[in-house]
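Read the structure below first, then the notes.
The values are calculated or read from the model by the stated rules, or taken from the named source; none is laboratory data. Computed from a predicted model, the values in this text were never measured in an experiment. Ideal geometry is used to build each Cβ from the backbone, glycine not excepted, and the neighbour counts take in all protein chains shown. Surface areas here come from the heavy atoms of the whole protein model, side chains and all, with no ligands, DNA or RNA. Shrake-Rupley method; radii C 1.70, N 1.55, O 1.52, S 1.80 Å.
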Amino acid sequence: MANLHLEIPVWVQHKNEQYVVRPLFVSQWHAADERYENALRKLTNLIRRDFAPYKVQRGNVDTLLWLLFSPDYKFEAMDLDFNYGQRFFSGKLSVAWFRQEPYTVVLLPAFDNHLFITQKQDPRRADIIEEVMAQVQLYGRKQRKATEQDFVLDKYASGKGEFCTTLDLYLFVPGEKIMEDADDLFRQFFRTDVKFEGRREIVRVGQDLNDRYPNELSRAYFCDDTVEQIKRLIYNRENVPLAVIGKRKMGKTTVLHEVIYRHLEEHADKQMSKLDAVWNLDPSRIIAGMSIVGAWQRRFEAIIAFVMHPLDGHSRQDKLYFNNIVSLLRIGKSSQNSMTLSDVLKPYLQDRSLQVILEATPEEWDVVSEMDRGFTDLFKVIRLYEPGEETSLRIVSKIRGQLEHRHRFSIANLALVRLIELQKRFHTDGVLVGAVAESLHQLATKYTGREIEIQTIVSEFSNQTHLNERLANQDIKITRNEFHEHLSQRLIGQPAATECLTDVLNVIKAQLNNPERPFGAFLFIGPTGVGKTQAAKILANYLFTHEESLVRFDMNEFIDGDAVNRLVGDFTNPEGQLTTKIRYNPFCVLLFDEIEKAHPDVHNLLLQVLGEGRLTDALGRTVSFCNTVIIMTSNLGAERVGKEINLQRRDDIATHTYEKAVRDFFRPEFINRI
């Protein structure tokens, strides 16, 4: 080929006081600068730089074809309001669409350039909006399944002033002749001996964290010793495999970002392209689309070869970074192949020809160590510990100042105090400073240019958790009599149950509950039809504000020896029914109907939930039950009570019979936790 004239549609965003630009139909390149013209110039240079060694081949021609693709398209940041999963989104999403006769094709650039064809061939704008919402929900479900993490739509939202423009440039692209006729095209594009190009593949499955410098890298504060220790281990030629271990929201990723930031800042006088890069790879994307036996292995080997020698004639050595380590030992296995990604990495780690950086929670690290001790023993482990209260407050203050400057918003001191109190009280499954920092980032994005007061904090917390705002807001007083009246009007003829539920509401409101255990745990006993399940529904409707606030399990379905695996998952099917529901819906009333029918191993499992308020699933992910009310129902003793009481309905006889039936059936340690 010779000179090509490209008119590239470019997506322009304005984030963190910088213009961020990238080709609309190709996510491979992006550039950022405070000046719009400079950002476009950087993008032009990036594309020309990457095409300098480019030679057209069957394996890489699609990138060039996408750059040449310039349809008559429309672009809009659409206002959308809709539910997805247990969350609600209200904001703008960037959408582009164009006609490709006889179809209308829609592109969502923020969602990995997700493309889809509309169901209607000539849709109206309202039709496109409806299908965009459906596709976003589908994308979210796939992301949750692939990454095994929660999907939060806010980070995909459009910022102010997004638009599209056209970048005009000429390229000289040498290479083989792609086709002579249709038959030649078929032969070249459908042969199975695909050769993977490492540079191209790593861009498709990962991200160069150097590209996020300076404004998109998170900053870490008051942990200089740890940052410097990790920096020395990463930026040398020893290629020591490194694992950073810490609790959820400890700041593991933030520390790594700080390491990269300092390294690039220290070498600001050098060309970025000649500095070692850290590539964040998603294991699930490495094997995506690799249906031919051996294809994903060749793809991964090509990526590794590129990382070891990314620049011909230069000493640059890139690094691989994974933040989902259990997937390294799971992904790749099939009925035809037992090899995993970790098996491919092992030889390179053993001879120190490649540096791999991992991050994990202690539970995840334990799971991986049990699966393959030989793999984890190759890594030098650095453990992060939760900072003290004084240091945590200093970190929060730093983050607050940074966000207030960047987003031009302000948060009142009392509002910040209330945010810390709410996070400390209700989010006990992670590190406090991380939870507060995450909330501050969300507030800064949503309330740009505004001041945040206490009421805003409480309302946002209630919206996110679905906890009744009157219970979350300590400025609103509710008496025990008010709780009792509300319940007694709806739970008729059950004074004992009404008193119990009144007590749990009163304890939650007074902030007297144990933060490391569920809000409450109850066993409702009685014959069918007396209102045991109805009591749980009434409590759920008062405590929480969403329809799925009652999570119900019929224990007749968990009577076999495999019941525990179905509840918490196993390595083959890691999404346990119980752990998955609570992970995505942590604020709820959890109902176990007919608990006596469950397998004894399930009772043992619930001992941990009732005692420690948490479970760890098959992948080492800890799920907190501390914001649930657990209600178990049972018919134990009901038949005997009916015979003993006969025509004399004496409550003292019934109570004694029920208690004896329960104590005869359940272990003492189980009863003591109710």
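If you line up the long axis of helix 432-446 against the longest principal axis of the chain, both from Cα atoms, how many degrees apart are they, to the nearest 10? The angle comes out at about 70 degrees. Pull out a ≥ b ≥ c, the square roots of the eigenvalues of the alpha-carbon gyration tensor of the stretch 292-368, then state rounded if a/c is under 1.5, prolate if not and a/b is larger than b/c, and oblate in the remaining case. Since a/c reaches 1.5 but b/c is at least a/b, the shape of the stretch 292-368 is classed as oblate. Ranked from largest, the principal axis spans of the Cα set of the stretch 270-416 equal 60, 42, 30 Å.
The residues Y584, Y170, Y447, sorted by heavy-atom accessible surface at 1.4 Å with ligands and nucleic acids left out, run Y170, Y584, Y447 from largest to smallest. Spacing of the modelled spin labels on D224 and F163, each 7 Å from Cα toward Cβ, amounts to 4.5 nm. The stretch 107-151 and the stretch 505-526 have Cα centres separated by 40 Å. For K477, the aspartates and glutamates whose Cα comes closer than 17 Å to its Cα, not counting residues fewer than 8 places off in the same chain, are E469, E485, D503. Evaluated at q = 0.05, 0.11 Å⁻¹, the base-10 log of the normalised Debye intensity for the chain, with identical point scatterers placed on the Cα atoms, takes the values -0.30, -1.29. Dipole magnitude for the chain: computed about the Cα centre from +1 point charges on Lys and Arg Cβ and -1 point charges on Asp and Glu Cβ, it is near 520 debye. Each label was represented as a point 7 Å from its Cα along the Cα-to-Cβ direction; for N556 and D208 these points are 6.1 nm apart. Residue-wise HN-Hα couplings along the stretch 159-170, as the Karplus relation 6.51 cos²θ - 1.76 cosθ + 1.60 with θ = phi - 60° gives them from phi, are x, 6, x, 6, 7, 10, 9, 10, 9, 9, 7, 10 Hz; Gly and Pro carry x. The coefficient of translational diffusion for the stretch 237-337, derived via Stokes-Einstein from the alpha carbon Kirkwood radius under 25 °C and 0.890 mPa s, stands at 155 µm²/s.
A simple spin-label model places pseudo-atoms 7 Å from Cα toward Cβ; at D475 and Q350 they are separated by 6.4 nm. Calculated mean residue ellipticity at 222 nm for the chain: -13000 deg cm²/dmol, from DSSP H runs with n ≥ 4 weighted as -39500 (n - 2.57), summed, divided by the residue count and rounded to 500. Most tightly packed first, judged by the mean number of other beta-carbon atoms within 10 Å of their residues, the peptides 471-479, 129-137, 266-274 read 129-137, 471-479, 266-274.
Computed over the stretch 1-150, the quotient of the alpha carbon radius of gyration and 2.2 N^0.38 Å is 1.17.
For the stretch 68-140, the Cβ-based charge dipole about the Cα centre amounts to some 80 debye (Lys, Arg positive; Asp, Glu negative; other atoms uncharged). May I ask which of K120/K142; K42/K446; K398/K424; K42/K195 have a Cα-Cα span longer than 27 Å here? Over 27 Å Cα-Cα: K42/K446; K42/K195. With protein chains left intact and a 1.4 Å probe, residues in the stretch 440-552 average 51 Å² of accessible area per residue. Would you please classify the overall shape of the stretch 351-453 from the alpha carbon gyration tensor, given that a ≥ b ≥ c denote the square roots of the eigenvalues, rounded means a/c under 1.5, and beyond that prolate means a/b larger than b/c while oblate covers the rest? Prolate.
Straight-distance candidates among the lysines for linking to K597, with alpha-carbon spacing under 27 Å and chain neighbours fewer than 8 residues away dropped: K532, K537, K581, K643, K660. For the stretch 476-525, the square roots of the Cα gyration tensor eigenvalues, ordered a ≥ b ≥ c, give a/c of at least 1.5 with a/b no greater than b/c, which places it in the oblate category.
The angle between the Cα long axis of helix 454-465 and the main principal axis of the chain comes to about 90°, on a 0 to 90 degree scale. Compared with the dominant principal axis of the Cα atoms in the chain, helix 495-509 is inclined by about 40°. Surface composition of the chain: carbon and sulfur make up 48 percent of the accessible area, probe 1.4 Å. Pairs of Cα atoms in the stretch 510-616 fall into 5 Å distance bins, from 0 up to the last occupied one, in shares of 2, 11, 19, 24, 22, 14, 6, 1, 0 percent.
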